[in-house]
Amino acid sequence: MPKLNPEELDEIYAFAVDLGKNAGRMLLDAANLRFGNDRPEDQAHVEKDNAVDLVTQTDEDVEAYIKGQISKKYPTHKFIGEESYSKGASRDYLIGDEPTWCVDPLDGTVNYIHLFPMFCVSIGFIVNNKATIGVIHAPFLNQLFSACAGRGAWLNETQPLPLIRDPIPPMPEKAPSGCVFSCEWGKDRRDQPDSNLHRKVESFVNMAAEIGGRSGRGGMVHGIRSLGSATLDLAYTAMGSFDIWWEGGCWEWDVAAGIAILQEAGGLITTANPPKDHLTASIEDVKLGSRLYLAIRPAGLSSTESGRQGQERTVREVWRRVRNLDYSRPGV
């Protein structure tokens with residue numbers, strides 16, 4: 001597939017930003033209707049796979065709007081949206097080399113239902129299997145994150161990411177100690193021995209425990225944060241507010257926009273699952289759609305290592321403390 005020329009990419013980027021702004025306003029308007037509203041239709045939601053996998057009419061309406069606008073402007077581009085994809089029986093990996101829009105109309109649906117402000121619209125544009133443009137709009141927070149390959153990553157179109165830049169801080173010398181660690185409970189809540197839920201809990205405790213605890217796996221992170229939105233987890237890692245994000249179970253619409261923003265800001269994203277030789281294994285960029293993600297914030301150089309070396313050191317220290325997760329899928 002030929003690459004888009006710079007002028008085409010600039011046009012698509014501007015379109016995506018405007019689309020994110022408008023879709024975010026739709027989310028905010030819908031949220032405002034919920035204040036003191038006793039109309040059942042504005043409060044309703046339904047379960048998809050289980051009691052924490054929910055969809056509202058707002059999800060459906062915003063996705064329909066985004067898809068319609070893209071179809072008018074770029075009728076030859078492929079579109080993958082969470083709600084339309086979720087209605088199908090297939091869970092195959094659908095992204096190829098062709099220009100593809102990958103959209104989550106409302107990431108953080110549970111937050112939206114409870115009027116917790118960590119919800120957003122996520123619009124990713126992928127070319128040749130690479131997340132190239134990302135727009136994330138969290139309207140309740142008045143935060144618009146955006147990035148395009150080679151054009152920087154931005155908060156509200158004026159503030160470059162990461163926020164602390166003069167200089168960008170190196171990774172802490174004893175990372176993960178000194179880091180803010182972001183993670184999510186996810187939708188797989190099976191209470192079975194060695195389930196994903198149990199593996200996550202063990203990993204969370206390892207990261208939080210005192211140095212020397214947990215048979216030497218204690219990470220003593222500064223804190224653990226769970227926003228309820230993988231998209232915003234990635235945006236806050238790009239911003240530098242989170243140092244580490246570790247997660248399994250996400251679909252590509254959860255991460256496409258965030259990966260574009262994180263990488264353009266200078267962050268690293270690789271697989272969540274530790275390889276057998278985690279001390280020496282090559283650290284490669286994660287494949288979009290793998291469902292297993294470990295992100296490290298942008299990092300500056302220190303007196304002893306480059307920013308990339310600090311990021312890779314942190315990856316290996318996280319791998320040493322976390323369990324392998326099982327989120328397989330066809331086509332990957």
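The values are calculated or read from the model by the stated rules, or taken from the named source; none is laboratory data. Quick caveat, the model's predicted, so the values are computed rather than measured. Reconstructed Cβ throughout: ideal geometry from the backbone, glycine too, with neighbour counts over all protein chains shown.
A few notes on this one:
- Test result for SER177, among the small types (Gly, Ala, Ser), touching a residue at least 40 places away in the same chain (Cβ under 8 Å) and surrounded by 21 or more Cβ atoms within 10 Å (Cβ to Cβ): no
- Scanning the range 175-217 for residues that are of a type in the set (Gly, Ala, Ser), part of a helix (DSSP H, G or I) and either touching a helix residue (DSSP H, G or I) at 6+ places or on another chain (Cβ under 7 Å) or within 26 Å of THR231 (Cβ to Cβ) (or both) turns up SER203, ALA208.
- Test result for ASN156, over 24 Å from VAL286 (Cβ atoms) and either in the same structural domain as LEU227 (by TED's automatic domain parsing) or surrounded by fewer than 24 Cβ atoms within 10 Å (Cβ to Cβ) (or both): yes
- Top-ranked residue in the range 294-313 [being of a type outside the set (Gly, Ala, Ser) and under 19 Å from the mean Cα position of the chain (by Cα); ranked as nearest to PRO167 (Cα to Cα)]: PRO298
- Qualifying residues in the range 59-77 (those that are at pLDDT 95 or above and charged (D, E, K, R)) - the one nearest to the chain's Cα centre (by Cα): LYS67
- Only listed residue being touching a residue at least 24 places away in the same chain (Cβ under 8 Å) and in contact with a Ser or Thr (Cβ under 7 Å, 6 or more places away or on another chain), chosen from PRO162, PRO170: PRO170
- Filtered by the rule that a residue be polar (S, T, N, Q) and either at pLDDT below 95 or assigned by TED's automatic domain parsing to the domain that holds GLY267 (or both), the range 113-132 gives ASN128, ASN129.
- When VAL110 is tested against (1) among the aliphatic types (A, V, I, L, M); (2) at pLDDT 90 or above; (3) under 17 Å from the mean Cα position of the chain (by Cα), only condition (2) is not met.
- Residue count for the range 133-153 satisfying the condition of being within 26 Å of ASP97 (Cα to Cα) and either over 14 Å from the mean Cα position of the chain (by Cα) or outside the structural domain of ALA23 (by TED's automatic domain parsing) (or both): 6.
- So ASP285, is it closer than 27 Å to ARG165 by Cα and more than 13 Å from the chain's Cα centre (by Cα): yes
- Cβ-Cβ under 7 Å pairs, at least 6 apart or on other chains, the range 298-319 side among the aromatic types (Phe, Trp, Tyr), far side not in a helix (DSSP H, G or I): TRP319/PRO274; TRP319/HIS278
- None of MET220, MET171 is crowded, with 24+ Cβ neighbours inside 10 Å, at pLDDT 95 or above, not acidic (Asp, Glu) and not assigned by TED's automatic domain parsing to the domain that holds ILE95 except MET171.
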